[in-house]
Amino acid sequence: MLSFAHPAFLYGLGLLAVPVLLHLMRRPVAVTLVFPSVRFIRKGRLPHAGRRRLRDRFMLAARLLALAALVLAFARPRWRPPAGAAAGAGTADGLGILLVDMSPSMGGWAAADQARAEAARILDAHPRLRFALIPSADTPRDVLPPGGDTRAVRAAVEALQPGTAAGNHAAALRQAIGFLAAEPAGGTLFILSDFQAEDWPLDDLPRMPPGCRLELIRVGGNRQDNAAVLAATVQPLPGAALRVLAEVRNSAPLPAVRTLALAAGNEEWTRRLELPPQATVKAVFAIPAPAGAKGELRLDPDAYAADDRLHLWLGGPPPVTLLAVLPSTAAPEAGNEFFFVSKALAAQADSAVTAFDLRSVDARSFMAVNPTSLDGILILGAAGEFQEPDFALLKRFLEDGGTVLCSTPETAPGPQFMGLRRHGLLTADFQGIVNRHPTRDTHTFVAALEPGSPLDLVFDKPEDTDLFAFPVYRYARVVPQGLARPVLRLEDGDPLLVAQDVGAGRLYAFTVGFGGPWSDLPLSGAFLPLLRGLLADDAARDRRGGVLRLACGEPLPAVYGLNGKAQPPGAPDDTDTEEPGILMAGGRPVEINVSRRESSVADRSLIELRQALMGTAAAPAGTPQPVAGNTEAGVRDLWPWLAAAAGLAFLIEGALAAAYDRREAGRPRLETSTPTPDTQNP
């Protein structure tokens, strides 16, 4: 059965009339005769030339053949054997594996419908194969192992629907290859997918067992036309109003005009967006306080509707819960540090996104604290009193995604830095105190903010603040090594602030205390944004506190009460993140949306994918090699043959045209002074 991938090109066959008309319109070349005198020539009628006839028919046929073959090649014809013939090709017993991509992107561009139709055709074409079905998204789901009941496979194929979890088909491939490896007679793996590039990472794919065939069948057609709501941020405004900043990307190679709506409660606000090709545009909504805390951004739907909606929390993030650990001795410096910190975190502004809930405990009671409900821990000069169990508890808290901020203690700073290093929390060498007995005349300043640090967003233009203006009278000299990296540097290059990631969390260590003898940092205008920015950073990056943002299918972090941990009050036991929406877990809002990774329109090359799956081993003897762009079972592309025929016809036409020119050049011209019989009446 013949079909065309681009049938619109067939209208070009009308161009075949052009060479015929040109041949009919061509006239013989006139021969100029020179006479010394025309007075003896009498007038006469020209003879009737008769009906025009085609000349040089072979050259005309070559031109028509070349043009027709070229037009048909652009139409991309394919030959698919009839069902009966295909069935005859599949009479050998063996195993067939249908691996069907059911990631979210298959819900667009009619890809899922095409996949179901192709799977049904494969079942018809191979009636004697035993089939297994492996629907795949992030993991294999509802797998039907190899069996003899084709009806069950057909029913399961008809019921296939795209899921919501982002695709990664390495696990499904391993299961399919395991089925093939256990089959003595070998078999064929049929992969039906839109072959989105990020769903098929080449470096994580298993290898096909020897003697097995691989058929790659692309579905979904042209996936270039797509626009998606990528992300959104919510900021409070004066008077309980909100600012919602949305990002919309147009993946199409052409500009588009789309309508973006923000829905909250029973209200809706719209924006008309002009989207340049392959560009991201930001849209701003300034809205009054909505009746409900759940909102949704909506684009008018296109070919892929799953990324046209984004659920977002409008109720504001819950307070970041912090615990300040103070020295057990009644040192006045510790009281001063807690005073400055609590004042900085309690200060509120209309533009503040995050609120803080600060509690305190002394170092002796730290082991009795349950850190599950905490977002951050501030160790204000108390780590010098920590014992081994205290450091172990601190490490578990960091590995679970918490934030820890340490100031240098007035007494025993060495044990603090050595304990942090011994437990892998801060890989930095402590080299003593600089200016142990300072005077107000001996001081230094902050000279540099390391680029790429969390404070980049806090101090967009640090030169416009007093970050570089407050004096530092004394500090602990530490040399960062390994994973530790400086965030703020002093004039002599020593760090004032060091950061290190530990598991999913982060530790910040100041080389000064927050009391008066160390520096004027607590009195500076930079202290409040610096402290708030560091402690809210992890919440903004969705590590632990604030509004958690998950892609569909991602599990909740352990701090939310899953993965065998004790659940915070109010956390449900059956929290499901499969469907988009907003839920509350442990008293914290969770935004769940379809992964925007599925919005990418980049495709994986089938040739590269075949090479990765087949490895270095050659394909089995007799296995037809696919032409790039088509690897359907039993289907053959005809356009390469037509392109070759067009080239051959052009060569023949060129040879005939050269022979015709030589023939015309070899004709003798009449050079006489007497009229010819054709032009004179006797």
**Prompt:** Within the bounds of the stretch 265-274, is there any residue that is among the aliphatic types (A, V, I, L, M), open to solvent by less than 20 Å² (accessible area, probe 1.4 Å) and either over 33 Å from the mean Cα position of the chain (by Cα) or modelled with pLDDT of 90 or more (or both)?
**Reply:** yes
**Request:** Look through 182, 165, 172 and report the one residue that is open to solvent by less than 10 Å² (accessible area, probe 1.4 Å) and closer than 24 Å to residue 94 by Cα.
**Result:** 172
**Item:** Tabulated pairs, the stretch 382-406, first more than 15 Å from residue 503 (Cα to Cα), second of a type in the set (Val, Ile, Thr) and open to solvent by 20 Å² or more (accessible area, probe 1.4 Å), C-beta under 9 angstrom, 6+ apart or interchain
**Value:** 384/411; 385/329
**Asked** If you scan the stretch 205-234, which residues turn out to be assigned to a strand (DSSP E or B) and within 20 Å of the chain's Cα centre (by Cα)?
**Response** 218, 227, 228, 229, 230, 231, 232, 233
**Request:** Kindly indicate which of 237, 254, 242 is more than 30 Å from residue 143 (Cα to Cα), open to solvent by 30 Å² or more (accessible area, probe 1.4 Å) and over 27 Å from the mean Cα position of the chain (by Cα).
**Result:** 237
**Asked** What do you reckon, is residue 79 farther than 25 Å from residue 208 by Cβ and either modelled with pLDDT of 95 or more or touching a strand residue (DSSP E or B) at 6+ places or on another chain (Cβ under 7 Å) (or both)?
**Response** yes
**Prompt:** What are the residues in the stretch 120-135 that are open to solvent by 20 Å² or more (accessible area, probe 1.4 Å) and closer than 14 Å to residue 189 by Cβ, if any?
**Reply:** 126, 129, 130
**Prompt:** Which of the residues that make up the stretch 381-402 are modelled with pLDDT under 90, touching a Leu at 6+ places or on another chain (Cβ under 9 Å) and either acidic (Asp, Glu) or closer than 27 Å to residue 474 by Cα (or both)?
**Reply:** 381, 382, 383, 386
**Item:** Candidates 171, 232, 181 - the one that is modelled with pLDDT of 90 or more and more than 30 Å from residue 121 (Cα to Cα)
**Value:** 232
**Asked** Given (1) without any contact (Cβ under 8 Å) to a residue 12 or more places away in the chain; (2) closer than 29 Å to residue 581 by Cα; (3) acidic (Asp, Glu), where does residue 149 come up short, assuming only one miss?
**Response** (2)
**Residue within the stretch 290-313 that is part of a loop (DSSP other than H, G, I, E, B), crowded, with 16+ Cβ neighbours inside 10 Å and without any contact (Cβ under 8 Å) to a residue 60 or more places away in the chain present** = yes
**Prompt:** Yes or no: residue 146 open to solvent by 30 Å² or more (accessible area, probe 1.4 Å) and closer than 14 Å to residue 94 by Cα?
**Reply:** yes
**Request:** Scan the stretch 449-461 for residues that are open to solvent by less than 70 Å² (accessible area, probe 1.4 Å), touching a residue at least 24 places away in the same chain (Cβ under 8 Å) and in a helix (DSSP H, G or I) and jot them down.
**Result:** 455, 458
**Asked** Going through the stretch 188-227 one residue at a time, which ones are open to solvent by 10 Å² or more (accessible area, probe 1.4 Å) and in contact with a Phe, Trp or Tyr (Cβ under 7 Å, 6 or more places away or on another chain)?
**Response** 215, 218, 221
**Request:** Output the number of residues of the stretch 464-483 satisfying the condition of being open to solvent by 10 Å² or more (accessible area, probe 1.4 Å) and within 21 Å of residue 416 (Cα to Cα).
**Result:** 8
**Prompt:** Which one is farthest from residue 527 (Cα to Cα) among residues in the stretch 390-405 that are within 33 Å of the chain's Cα centre (by Cα) and of a type in the set (Gly, Ala, Ser)?
**Reply:** 401
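The values are calculated or read from the model by the stated rules, or taken from the named source; none is laboratory data. The structure presented is a predicted model; accordingly, all values stated were derived computationally and were not measured. Here the Cβ is made from the backbone with ideal geometry for all residues, glycine too, and neighbour counts use every protein chain on show. Side chains included, ligands, DNA and RNA excluded: accessible areas come from the protein's heavy atoms. Shrake-Rupley method; radii C 1.70, N 1.55, O 1.52, S 1.80 Å.
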